[in-house]
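S.K.: A single structure is presented below for examination.
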């Protein structure tokens, strides 16, 4: 019986599966520019590996007109463009989802804040002051009228309570223009310009002593409502007249322009 | 940055597939494909005109990425080879497109084609004198063509080309004889080693 034993017989035949052939190995093998040992290792691999065997067959079919390296490099770039640079992940880790959600929330909040933020905020803060109480008050809580109680809260700058009390008063005395006027100012201070506008309009429909004041604050209420045209129109009317607010109104119009 | 030209060999195909499937990490998919870009291109060249190979390879990678997001792939290299071959053949037959059903069938076929003897580990027996004797006996029991190819290739260091010339057979036949010879040797050696262990 012949003896096939060689120093590395078993490893030559029963080697552990090796990595697939590289582009240069395949090209050099087909061009027959590999050493005997390299050639053996390549052929031993393609004996086992269908993918590499077919690849070697394919390479051998490519004519000299094809620049293999350039073509495969170009293909690699196309894959890079397709799968790396324009990636559209199907799923992400929970942490990534939380990050995306937090970012979205911040963007939404910022958008909301910027869209609702009044661009005339500083002008309003610098110029729109609550009208002082001109009505003498009875400080005795037992005998104070509803108007006096409301005005007391007004003087204390508790405009929310004041507005509630003015509404109580107006529910029983709807024609009380003082009540409407100070209720309007209170709403202006609690950032409820819509309600404020209604109160001032009621005052202006009457022949109240607070007409010019109501006009002045109505303009501010429109400005708080970001109704620039209405506000400007009313300020202009005040500026054109001769009253306590004319000078201020002219300055405001300059600022608005 | 050309990730496809800088494959990360240290991570297994299975790990990259898992990373892609679990988190949609396209970078893992890119790394995986980069290992096989040239092989897919060359296999396309086996079946199709050279001018069609680049675009066909792109189509194949698209198919693979879609299929991998849906299917569990256990033997990527084998699946890649089969998918590439089938897609090329389908193009040759003017059948446009490839269905997911056909991909599923391919995957099932791949599973069935696994050679259960491939993983038989002879390395721990390399120093065994008894096994070397078994090897000699087993080779003698092989089919004549298989034995000749085995001797010429593994023991006389002849190339495929030289064997085809010597034996007047094709390269495919050389490869087939070598594969069959190895498969039969594994079986014979496995039986011999089992008998050896039984007698011990």
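S.K.: Could you calculate the FRET efficiency of residue A:35 with residue A:61 from 1/(1 + (r/R0)^6), where r is the beta carbon distance between them and R0 is 25 Å, rounded to 0.05?
M.R.: Result of the calculation: an efficiency of 0.55.
S.K.: Taking R0 as 22 Å, what FRET efficiency do you get between residue B:14 and residue A:18 from their Cβ-Cβ distance, rounded to the nearest 0.05?
M.R.: Taking R0 as 22 Å, the efficiency between residue B:14 and residue A:18 is 0.80.
S.K.: Next question, about the same structure. Whole percent per 5 Å bin, from 0 to the bin with the longest distance: what is P(r) over all C-alpha pairs of chain A?
M.R.: Per 5 Å bin, starting at 0, the Cα pair percentages come out as 1, 5, 9, 10, 8, 7, 5, 4, 3, 3, 3, 3, 3, 2, 2, 3, 4, 5, 5, 5, 4, 3, 1, 1, 0, 0, 0.
S.K.: Now for a separate question. Hey, what number do you get for chain A at 222 nm if only DSSP H runs of n ≥ 4 count, each worth -39500 (n - 2.57), divided across all residues, to the nearest 500?
M.R.: After summing the helix terms and dividing by residue count, I get -20500 deg cm²/dmol.
S.K.: Continuing with this model, one more query. Quick check: residue separation of residue A:81 and residue A:255 times 0.36 nm, minus the Cα distance between them. What number comes out in nm?
M.R.: Using 0.36 nm per residue and subtracting the Cα-Cα distance, I get 57.3 nm.
S.K.: Going by how many other beta carbons lie within 10 Å of each one, how would you line up B:134, B:23, fewest first?
M.R.: So the residues, fewest neighbours to most, are B:23, B:134.
S.K.: Would you mind getting me the FRET efficiency between residue B:173 and residue A:98? Use the beta-carbon distance for r and R0 = 60 Å, nearest 0.05.
M.R.: It comes to 0.50.
S.K.: Something else now. When the C-alpha atoms of the range A:12-52 are aligned to their principal axes, what extent does each axis show, in angstrom, from largest down?
M.R.: Each principal axis gives a Cα extent; for the range A:12-52 these are 27, 21, 13 Å.
S.K.: Relative contact order, percent, of chain A when contacts are C-alpha pairs under 8 Å separated by at least 6 residues?
M.R.: With pairs under 8 Å counted, the relative contact order is 9 percent.
S.K.: How far apart, in nanometres, would the label points at residue B:133 and residue A:244 be if each is projected 7 angstrom from Cα along the Cα-to-Cβ direction?
M.R.: 12.6
S.K.: Would you calculate the separation in nanometres between label points at residue A:118 and residue B:180, each defined as 7 Å from the Cα along the Cα-to-beta-carbon direction?
M.R.: 9.4
Here, each number is a calculation from the coordinates, and none is a lab measurement. Just so it is clear, the structure is predicted and the values come from calculations on it, not from any experiment. No Cβ is skipped: glycine too gets one built from the backbone with ideal geometry, and neighbour counts run over all protein chains shown.
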